[in-house]
Amino acid sequence: MTKVKSLTDLKRMKETLQAKIDLREKGEAAENLVQIKVAMATCGIASGAKTVMEFLIDELGKRGINAVVTQTGCMGYCYAEPTIEVKLPHADPVVFGYVDTKKADEIIERYIKKGELVDGIIPVNYESINNI
Amino acid sequence: MKDLSLHVLDIAQNSVVAQAKVIQITLDINREKDYIELIVKDNGKGMDRDFLDRVIDPFTTTRTTRRVGLGIPLLKQNAEHTGGKFAIDSEPGVGTTLTARFIPSHIDCLPLGDLAGTFALLICSYPDINFKIEVTTEKGRFTISTEKIIEAIDGVTLNDSSVYPLVKELIKSNLDEL
């Protein structure tokens, strides 16, 4: 792969990029995507959320999984950071705690690919503190 | 925080939450004159005098999920540990400017860390916000903005996972030369 050193290089990469995205997105509506949110508040960042987020973006791309990885704020599970929320198509979102790159790998391979449950899920027993 | 780049990532989230449309991140690294100056300026909703006075207090936060807000206090502490300075100024409706100055020769000064990754993550995660990034050293200056990147890749969404590695590489190869 050519090195990207300037905006012109980036522009040149655009066509390959577009083709790659078109190929992947064919017939994939937004609700069919895997959506991952990485908690990136002070607590998350201090515990290594940036490494996890970079790992997820890189690996999901490499392993050909159609996913959107975004940042979110603190979900209130500061003790279990880094936390990520994974929403598989047509399923309720699941929050995982203590996610390092090893755990993230396990989540991709077992939960995202096969739908198996993986240790480290933070149970959600109410929607919000005012709505038990 | 383990390094300065993580502070940048963290502090920029405050501007994002403040609904800023433009976030300017300026980093001036001058080892000869022995200072690193970080300025984060946004055009978000700003803070009133009363809140500004309390913002360096770890028990001040706008969020409801927890009762502490450590982003600003930790940055202030790390800057002051090196003998540097910290300042924050804000005006409601206009925006906020935060300045942190570090003394890099001090043993407690944090390493710079993965700046390219931080900038690329910010740019790719928030396509609606125009990040204007400027890094200056004795050797030269590098500037990049969300606007310019969107222009270059026009039509491709920024938060697609194949864009991030390219943006990171672009920033990294330029920063490495500084």
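Residues of segment A:53-82 that are of a type outside the set (A, V, I, L, M, F, W, C), more than 9 Å from chain B (Cβ to nearest Cβ) and either in contact with a Phe, Trp or Tyr (Cβ under 6 Å, 6 or more places away or on another chain) or assigned to a strand (DSSP E or B) (or both): A:Thr72 alone.
For segment B:49-62, the condition holds for at least one residue, the condition being that it is assigned to a loop (DSSP other than H, G, I, E, B), at pLDDT below 90 and of a type in the set (D, E, K, R). Looking at A:Pro123, A:Pro89, just one residue is at pLDDT below 90, loosely packed, with under 10 Cβ neighbours inside 10 Å and closer than 20 Å to A:Val38 by Cβ, and that residue is A:Pro123. Residue under question is B:Ala18, and the condition is that it be within 14 Å of chain A (Cβ to nearest Cβ), among the small types (Gly, Ala, Ser) and touching a Lys or Arg at 6+ places or on another chain (Cβ under 8 Å); does it hold? Considered against the rule, which asks whether it is within 14 Å of chain A (Cβ to nearest Cβ), among the small types (Gly, Ala, Ser) and touching a Lys or Arg at 6+ places or on another chain (Cβ under 8 Å), B:Ala18 comes out as yes.
Considering only segment B:24-48, state which residues are in a strand (DSSP E or B) and acidic (Asp, Glu). Selection gives B:Asp28, B:Glu37, B:Asp42. Here is a list of conditions, (1) surrounded by 19 or more Cβ atoms within 10 Å (Cβ to Cβ); (2) in contact with an Asp or Glu (Cβ under 9 Å, 6 or more places away or on another chain); (3) modelled with pLDDT of 90 or more, and A:Met75 meets all of them except one; can you say which number that is? (3) is the only condition that A:Met75 fails. Can you tell me which residues in segment B:5-23 are closer than 16 Å to B:Ile88 by Cα, part of a helix (DSSP H, G or I) and among the aliphatic types (A, V, I, L, M)? Result: B:Val8, B:Ile11, B:Ala12.
For segment A:47-63, check the following and say yes or no: at least one residue is of a type in the set (A, V, I, L, M) and either surrounded by fewer than 20 Cβ atoms within 10 Å (Cβ to Cβ) or touching a Gly at 6+ places or on another chain (Cβ under 6 Å) (or both).
If we filter segment A:47-63 for residues that are of a type in the set (A, V, I, L, M), which is where we start, we get A:49, A:52-53, A:56-57, A:60.
If we keep only those that are either surrounded by fewer than 20 Cβ atoms within 10 Å (Cβ to Cβ) or touching a Gly at 6+ places or on another chain (Cβ under 6 Å) (or both) as well, we get none.
No - not one qualifying residue is present in segment A:47-63.
When B:Thr61, B:Thr118, B:Thr82 are screened for being within 14 Å of chain A (Cβ to nearest Cβ) and free of Cβ contacts under 8 Å to residues at least 60 places away in the same chain, only B:Thr61 passes.
Residue-wise test of (1) of a type in the set (S, T, N, Q); (2) closer than 20 Å to A:Asp9 by Cβ.
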site	(1), (2)
B:Gly83	no, no
B:Ala116	no, yes
B:Phe119	no, yes
B:Asn130	yes, no
B:Ile153	no, yes
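Looking only at segment A:34-52, filter to residues that are touching a Phe, Trp or Tyr at 6+ places or on another chain (Cβ under 9 Å) and outside any strand (DSSP E or B); which one of those is farthest from the other protein chains (Cβ to nearest Cβ)? Show your work before the answer.
Filtering segment A:34-52 for residues touching a Phe, Trp or Tyr at 6+ places or on another chain (Cβ under 9 Å) gives A:39, A:43, A:47.
Then drop every residue that is not outside any strand (DSSP E or B), which leaves A:43, A:47.
Values: A:Cys43: 8, A:Ser47: 10 Å.
The qualifying residue farthest from the other protein chains (Cβ to nearest Cβ) is A:Ser47.
The values are calculated or read from the model by the stated rules, or taken from the named source; none is laboratory data. Here the structure is a predicted model, which is why all the values come from computation and not from measurement. Don't worry about glycine lacking a Cβ; one is built from the backbone with ideal geometry, like all the others, and counts go over all protein chains shown.
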